[in-house]
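J.: The structure's right below; bear with me while I get my questions together.
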């Protein structure tokens with residue numbers, strides 16, 4: 001049976017019939033007054049996983065940027081381009097909101 005860790009966007013999605021995911025249960029990342037406005041640097045171009053690793057110590061949290069910036073990042077990879085400004089949740093706020 002497949003299991004997804006707390007850093008996965010699928011962690012709350014039910015699994016049925018042994019290895020099939022049910023309908024995705026979105027894990028919202030709410031806006032906070034403490035969020036940091038960040039301009040994507042060239043070293044993170046199209047690589048949200050690298051930024052997630054550097055910020056949170058877990059590359060699997062790349063999806064947090066897409067969830068927090070749904071109005072900016074329609075495609076979480078191709079829209080993650082240098083010069084784009086996104087909001088970054090602080091690590092302690094992220095822990096509270098998604099339980100990581």
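Here, each number is a calculation from the coordinates, and none is a lab measurement. None of the values given here were measured: they were computed from a predicted structure. Virtual Cβ from ideal backbone geometry, glycine too; neighbours counted across all protein chains shown.
J.: As a footprinting exposure proxy, order 40, 15 by other Cβ within 10 Å, with the fewest listed first. Numbers along the way, then the final one.
T.: Values: 40 21, 15 14.
If I rank by nearby Cβ atoms, fewest first, I get 15, 40.
J.: Would you order 64, 29 from fewest to most other beta-carbon atoms within 10 Å of each residue's own beta-carbon?
T.: Values: 64 26, 29 22.
By the 10 Å Cβ count, ascending: 29, 64.
J.: Suppose the chain between residue 75 and residue 15 were pulled fully straight at 0.36 nm per residue; how much longer would it get relative to their current alpha carbon spacing? Each step should come with its number before you reach the end.
T.: Details: separation 60, 0.36 × 60 = 21.60 nm, distance 2.55 nm.
Going from the current span to full extension adds 19.0 nm.
J.: Pull out the extension gain between residue 58 and residue 3, defined as 0.36 nm times the separation in residues minus the alpha carbon to alpha carbon distance; nm, one decimal. Show your work: numbers first, answer last.
T.: Numbers: separation 55, 0.36 × 55 = 19.80 nm, distance 1.73 nm.
Stretched fully, the residue 58-residue 3 segment lengthens by 18.1 nm.
J.: Sort 16, 65, 80 by Cβ crowding within 10 Å, fewest neighbours at the top.
T.: Values: 16 8, 65 27, 80 24.
With the sparsest Cβ surroundings first, the list reads 16, 80, 65.
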